[in-house]
Each structure stands twice: as C-alpha cells, then as structure tokens.
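The values are calculated or read from the model by the stated rules, or taken from the named source; none is laboratory data. These figures come from a predicted structure and were not determined experimentally. Cβ sites come from the backbone with ideal geometry, for glycine too, and all protein chains shown count toward neighbours. Note: areas computed on protein heavy atoms with side chains; ligands, DNA, RNA excluded. Shrake-Rupley method; radii C 1.70, N 1.55, O 1.52, S 1.80 Å.
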Amino acid sequence: MTGAAIMIAGAASSCSSTQGQDSNIIDRPDYKSTTGIFDIEALEALGRVSSPALSPDGTKLLYGISYESVEENRSNLDLYVQDLKDGSISRITRTAKSEGGATWIDGGKKIAFMYPDDKGQPQLWLMNPDGTDRAMASSEEGGIGGFLFSPDGSKVVVIKNVKYSQKAGDIYPDLPLATGRVIDDLMYKHWDEWVTEVPHPFIGTFDGSKLTETTDIMADEPYEAPMKPFGGVESFAWSGDSKKLVYVSRKKTGLEYAISTNSDLYLYDLESKQTSNLTEGMMGYDTCPAFSPDGNRLAWLSMERDGYEADKNRLFVMDMTTGEKTDLTTEWDYTIDEFAWTPSGKQIFFIAPYQGTIPVFSIDTETHEVNTVDEGEYDYTSLAVADDNTVITMRHSMLRPNEIYSISTSNGIKRLTEVNDEIFAQIDMPTVKRRLVPTTDGKEMVAWVVYPPKFDETKKYPALLYCQGGPQSAVSQFWSYRWNLALMASNGYIVIAPNRRGVPGFGTEWEEQISKDYPGQNMQDYLAAVDDLKKESYIDAEHIGATGASYGGFSVYWLAGNHDKRFACLLAHAGIFNTEAQYLETEEMWFANWDMGGAYWDKDNAAAQRTFATSPHRYVDRWDTPIMISHGELDYRILASQGMMAFNAAKLRGIPAEMVVFPDENHWILKPQNAILWQRLFFRWFDKWLKPQAE
C-alpha cells in the first residue's frame, strides 16, 4: 500500500457524494503528537475501521471508517470503496451521520445502507458505488434496525420493533400522563433498557428502487427475532431461490426467557406462510445461519446446553433435503466465533480463540479436517470470502487497531488499509511478550506482558494486573478503546494479562473450570501471574495494582480481601460486589444460575452455597488497599448499586476510595468525553498510589 492511500483515507480526500457541506461532519482529526508516546489523545484520534464487504465480482471492497469528535461528544462513520486491482481508495460519503450496515446489491451496481430520514429514523437508502444518486428506498414507521436482501434482489427482510409491554395509559386511558410501567413477569429490563419493544423480521418487496408492502412474519408473537441485545442481520439467511427465510429466535418470554438460552432456527416459507423449527430438541443457543452457495446445506453455530451462554460454539451443517444434521467440530475442542462458506462449499473458513490469539482456520466439510490459514501474535475478526483460497478480514493486536487484510492460501497475506499509520509513525509503542506462568495446580498458563516504550530492564516499573471480564472472554491480542493495555504501558506501567481459568482458546476443560467456582482456581491463577512477574528485577513489587471490569470488577473486589499485600492500589468498573444481591438484581437469570450455581436460598445446592459464601462483600473486613470504583447507571446487567455498596463499604472501613458514576452510560463507557474522563481518572488514581514521588 502506498502513502497515497493514507491521504485518500484522510480528511483531505475528495468525495464524489453531494452530501458534503454540513458543518457537523466529523473528519479525521489533524493529530500531531506532543509527547511521542501513545496517550489518550492519540487513542481518541484513531480511525475505527468497520467490517469489509466484497463486491460480487471480487474487484472492490466496501468498508467504513469512523472518527470521534470530542467537542461534539459523538462519533461518525463514512464509507470508502477500494479497488483491489490498483489499490486506489475513494471516500464515497461525507455526511453528518453514519451510514450503517452498508453492502453491495444488484450485482455490485448499487450500495445499500441505513441512514436517518428527516425524522431521525433509520431507513434503507441506495446509491451508486461512487456515492452518487443517493436516494431513500424505504419509509417504514419507526425506522429499521437492519436489512438483508434476498439472492434475487426482489425481497428484503428488515428488522422493526413492535410493542411489547404495557404502560398505565394502556390499561387506564384516562391517565395518559401516567408514567408507570406495569410489570407482571421477568425480563422487564435488559442490559441498558426497559423492554418496551422487541424486534421482528418484516419481509417486503423491492422493485429496484423502493421497499414496499412489508409484512411481520411473526405477527402477534411476543418473541424477539433477532435476539436482543446484540442480534442483527446475521440472524437471517435467505434460501438460494429466495422463497424461504431462516431466522433465529428464542420463542420464550418472561421467566421462561430469563432462565433459558434455548434459541432455534426457524424456516419461514414465503408462499405457504408456514414456519417450521429446524433445530427442535437442540437445547442451547443456535445462531448465525448461512446457506451453502448451492443452497443445499445450512450451516450454523450451536451450543449444546440450555442455560450456558459460554458453551462451546459447535459448527453444524444440515442437509436441507434429508434434514440430517452433522457436527463438523466433534474433534475440535475450541469454540468458534464466526464462519463463512467458500464458493465451492467444500470448505468453511472460521475464526476461533486458540492459545492466546484468534487465528483464521478452514475446515473440510467432508473430512472435517481443520487447517490453520494464518496465525500470529494478533487476532482476526470478520470474514468476507473472495474464493476458495482467499478471505478478506480485519486484524488487530494489543498494539494496533483493526486494519483490513487479504489472506490467500496460495498468495500469502496482503495488507489493504493503512488508516492509522500516520498516527503511529509519530509515537513509540510498547512491546508485548508471551510468557508461560506456572499455576498452583501444576499447569502452565499463557500470560501476555506489555512493556512500556523504550523499556529498560535495569530500571524498576510499577505494574498492573489486568483482570478479564466475561468471565469467558478471550485474553487474546485484543484491542480496546477503553481497556487498552498499550495505553496503560505507555503511561509507564508493565501490564500483566493472564489467560486464567475460564477464558476460551485452551480447550473446554480450561474454559469451564470457572463455572460455579468464581473465587477458586482462576483467582489463584491471577496471584500466580503476579508472583511470577514479581521475581523480575524490573518489577517494583511494592507498587502493583489490579484492575478490571464486569467479572474483572468482581475479581478486583474479591482480590481486595484476599491478596495478602500483593497490591498497593485497585480499580474496579461495573463489578459484582455482593453476589446475593446480584442474583436478584440482574436480568439474564440463565447466566447467574449457570455461573453461580443457582439461588442463594437453595441450601441443598453445594455449588451455589460455595459461591455466595465467598462473595467479595464478605471479605470487606480484610480490605486494606485504596480502591477506585466506576459504574454506569444505565447498567442493568450489573446495577450501579453494586459499585455504590463497595464504595460505601470502603469509606466505612476507612479505606481511601474514590467513585465515579456515569448517569448516561451502561455496562461500557461509550461517549467520547466520558471515555476521556474515565481514562484521566484511571491514570490519576494509579499514578497517585503506584508511582513514587519523583526524586
């Protein structure tokens, strides 16, 4: 890739779209490093690359790049098209709001995307591949949440919300201003919202320019399709003849929904209007359906056990003629994140956590043989298949955010974008090393250690233990815009990131050990990693901190009462402090039942009793370490009251403590100014306690 590509992707690039003169447009910032290190300003200036879509003829690539405006406290995504023959890049939108879900249609002659109408409601839009002839193609009341065109282009399934719960005015029309929500079952809230609507699939006809006559194929059903809160168009698959649609749904409500992960794949026949369940009797999550190129087989991801949301994601294939189902991954002891068919249907590309990274693999659909397509000290995410040997994907590491790559089994790896090279050219980045740590039960654990820029092993550095959330989330070569280990290291800390028990990528036994054992072996893994690194002369053993979010926040709270003077300072975000309260405060009860073992009042349940007997709040009498706490008030997964309880406990115990509460954030801190505030407070806190006063 040439330097010209960087200029085209930047703020100075030209744009053929006529949507261009809005003063609220967010362009690439004119970043100039004043420190020469990776700091908060550099993090916020980075362009964030979205998943690429390959044109039908394989010659062009469509993707988005978003930038943040700290002043306007928002971000915006614009679209780019890259010619894969000559490498040239054209920016095709320059608008005040993001173009979402962009994809190729009509054989690559048009691009379809979502954009707000005059009422601010997302609608379906079309434009030429150069950004011209931009026109709105739908006018759905309330807007749409996603779309997927049928193979013949004559139909579109769109996601629309339908009413779910009642307000007081629905029962008593003479009280139209009453604000009370009438609740008679569970799942009245989910992640960061009160559940007043649920998404449904609507199928409409498309005449080449307009979407019309959309019909709810789940009319009068109170179920979600796709499933909230993260489901999207990956929950749908059109049959090759465009006459049938497969969709994902968990057809349960209330208490039944709250305790079950049993989703199924449903086949809807557009002609007969009949629906059939393709995965009846398969009790866990069934998700991500995708027809083979010839339409004769359907692949999907399937978990085996009901109630276990972190179960192994198996790759299943169904023969659509016989109905026979085959698990391609019976001999593969790792969970799969994402997959895509090759054009011949003989292989499937997939990505999966594996030994501390997330490589690209392929699996033979006949022999079930798994081969590594590419692996290294980086992670892959997203798959756009070009041919049987080539896939377009995104790659990141702890030191670099996503860029787009082409991987070919015959022609090797080619980097296609250089969105952020200009920024990284101005700064010195940390280094990352893999380390094998002996555990207390005689095993070896992979830990990532991130060293500050210009690391000098003759000096001493304060250290931070990073505690992963999830709890079953990979500690791979991840890139985060908040839990950014490179940013921590660039501020002068050595960061220790252990792949403790419970994370995927090391086999089923390693991942499942954490369930019903939150304060058990995985906590010993954390302490083992700290003890192992403390042996190094360059670690300042008197100035080590621990930090994490969600289950990582739980870890910090638990370690606060069980660390035996290892830590000088702690910081927990959105963590579970009181597991008994959490059991009744959270919404997805399947999670609490599986990971905690059940209800705290079930006295005959040994696993549950062990969980609640070792809740972090029961060790407050041992707290002796300064602690900072942060939480979002819109977090309905782990309520802000958990953080407030921990803060109050610390202050009542006379422990130095600080708390920041974000009234407009959920489980994650997303708004740009809040994100910057959080980072500043993060380093202010750790610098205060972990960095000795300058001589």
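For region 57-70, what does the Karplus curve 6.51 cos²θ - 1.76 cosθ + 1.60, with θ = phi - 60°, yield as ³J(HN,Hα) per residue in whole Hz, taken in order and with x for Gly and Pro?
Values, residue by residue: 8, x, 9, 9, 10, 10, 7, x, 10, 10, 10, 9, 10, 5 Hz.
Sorting check: for 84-92, 472-480, 550-558, 493-501, which peptide has the highest mean count of neighbouring beta carbons within 10 Å, and how do the rest follow?
Working: 84-92: 16.6, 472-480: 21.2, 550-558: 27.6, 493-501: 25.9.
Sorting 84-92, 472-480, 550-558, 493-501 by mean packing, highest first, produces 550-558, 493-501, 472-480, 84-92.
Taking the convex hull of the Cα atoms, report for region 201-294 its projected area averaged over all directions, in nm².
If I average the Cα hull's projected area over directions, I get 7.2 nm².
Taking the Cβ-Cβ separation of K167 and Q121 as r and a Förster radius of 22 Å, what is the calculated FRET efficiency to the nearest 0.05?
Values: r = 21 Å, r/R0 = 0.96.
Calculated value: 0.55.
List the pairs from K252/K325; K210/K244; K325/K516 whose alpha-carbon separation is above 28 Å, in the order I gave them.
Where the Cα-Cα span goes over 28 Å, the pairs concerned are K325/K516.
Could you sort the peptides 175-186, 52-63 by per-residue average Cβ neighbour count (10 Å cutoff), highest mean leading?
The most tightly packed comes first, giving 52-63, 175-186.
At 0.36 nm per residue, minus the direct Cα-Cα distance, what do E71 and D106 gain on full extension? Give it in nm, one decimal, please.
Residue separation times 0.36 nm, minus the Cα-Cα distance, leaves 8.7 nm.
Taking a spot 7 Å from the Cα of D333 along the direction of its beta carbon, which residues of region 510-537 have an amide N less than 11 Å from it?
510-511
Which value, in debye to the nearest 20, describes the size of the charge dipole of region 378-456 about its Cα centre when Lys and Arg Cβ atoms bear +1, Asp and Glu Cβ atoms bear -1, and nothing else is charged?
240
Just to be sure I understand the model, the point goes 7 Å from the Cα along the line to the Cβ. What's the resulting S276 to T212 distance in nm?
So the two model labels end up 3.3 nm from each other.
How far, in nm, would the chain grow between D456 and L670 when pulled straight, counting 0.36 nm per residue and subtracting the alpha carbon separation?
Contour length minus the Cα-Cα distance gives 73.6 nm.
About its Cα centre, what dipole magnitude does the chain give when the only charges are +1 on Lys and Arg Cβ and -1 on Asp and Glu Cβ, stated in debye to the nearest 20? Walk me through the intermediate numbers first.
On the way: 64 positive and 100 negative charges, 332 e Å.
Using Cβ point charges on Lys, Arg, Asp and Glu, the chain gives about 1600 debye.
Place a point 7 Å from Cα of N411 in the direction of its Cβ. Which residues in region 66-94 have their backbone N less than 19 Å from it?
Correct set: 81-90.
Once phi is turned into ³J(HN,Hα) by the Karplus curve 6.51 cos²θ - 1.76 cosθ + 1.60 with θ = phi - 60°, what whole-Hz value does each residue of region 181-194 show in order, with x for glycine and proline?
Per-residue couplings from phi come out as 9, 8, 10, 10, 7, 6, 6, 7, 9, 8, 6, 9, 8, 7 Hz.
Picking from A613, A581, G598, whose Cα lies most toward the positive end of the charge dipole for region 558-695 (charges on Cβ: Lys, Arg +1; Asp, Glu -1)?
Sorting the options by dipole projection puts first A613.
Which whole-number percent gives the relative contact order of region 581-695, counting Cα pairs below 8 Å spaced six or more residues apart?
Dividing the mean separation by the residue count of region 581-695 yields 22 percent.
Between their Cα atoms, which of K110/K155; K119/K167; K160/K312 are more than 20 Å away from each other?
From K110/K155; K119/K167; K160/K312, over 20 Å: K119/K167; K160/K312.
Pick the calculated Rg and Dmax of the Cα atoms in Å for this structure from [x] 25.5, 81; [y] 29.0, 95; [z] 25.9, 85?
The value matching this structure is [x].
Among L315, S515, N420, which residue has its Cα positioned farthest towards the positive end of the charge dipole of the chain, with +1 placed on the Cβ of Lys and Arg, -1 on the Cβ of Asp and Glu, and the dipole taken about the Cα centre?
With unit charges placed on the Cβ atoms, the residue in question is N420.
Heavy-atom accessible area per residue, region 178-244, 1.4 Å probe: how many Å²? It would help to have the intermediate numbers written out before the result.
Working: 3320 Å² over 67 residues.
Accessible area per residue: 50 Å².
If you look at just the Cα atoms of region 71-159, how large are its Rg and its Dmax in Å?
13.8, 45
Under the rule of -39500 (n - 2.57) per DSSP H run of 4 or more residues, summed and divided by the residues of the chain, what mean residue ellipticity at 222 nm is obtained, to the nearest 500 deg cm²/dmol?
Mean residue ellipticity at 222 nm (helix-derived): -4500 deg cm²/dmol.
At a Förster radius of 35 Å, what calculated FRET efficiency corresponds to the Cβ-Cβ distance of M644 and E509, to the nearest 0.05?
It comes to 0.40.
Of all the Cα-Cα pairs you can form in region 330-402, what percent are over 16 Å apart?
More than 16 Å apart: 45 percent of the Cα pairs in region 330-402.
Give me the Kirkwood hydrodynamic radius of region 495-578, using the inverse of the mean 1/r over all pairs of distinct Cα atoms, in Å to one decimal.
Result for region 495-578, one decimal place: 13.3 Å.
As I understand it, the dipole of the chain uses +1 on the Cβ of Lys and Arg and -1 on the Cβ of Asp and Glu, about the Cα centre. Which of T547, G143, L270 lies farthest toward its positive end?
T547
If each of T179 and D86 carries a label point 7 Å out from its Cα toward its Cβ, how far apart are those two points in nm?
For T179 paired with D86, the spin-label model returns 5.9 nm.
Can you list residues whose amide H is under 5 Å from Y164's amide H, if they're 5+ apart or on another chain and H is modeled 1.01 Å from N?
Excluding prolines and chain starts, which carry no amide H, the hits are E197, V198.
Select from the chain the helices, each a whole stretch of DSSP H, whose alpha-carbon atoms run 20 Å or more along the helix axis and whose Kyte-Doolittle mean is at least -1.0; answer none if there are none. If you can, show how the numbers build up before the last one.
Details: long enough: 672-690 (27 Å, -0.27).
TM-like helix candidates: 672-690.
Working out 0.36 nm times the residue gap between T35 and K688, then minus their Cα-Cα distance, what length gain in nm do you get to one decimal? Mind showing how you got there, number by number?
Details: separation 653, 0.36 × 653 = 235.08 nm, distance 2.06 nm.
That pair, T35 and K688, stretches by 233.0 nm at full extension.
Can you compute the label reach from L186? Point 7 Å from Cα along the Cβ direction, backbone N cut-off under 17 Å, restricted to region 564-592.
Under cut-off, by backbone N: 579-592.
Placing +1 at every Lys and Arg Cβ and -1 at every Asp and Glu Cβ, with all other atoms neutral, what dipole size does region 480-567 have around its Cα centre, in debye to the nearest 20?
Around 220 debye, computed over region 480-567.
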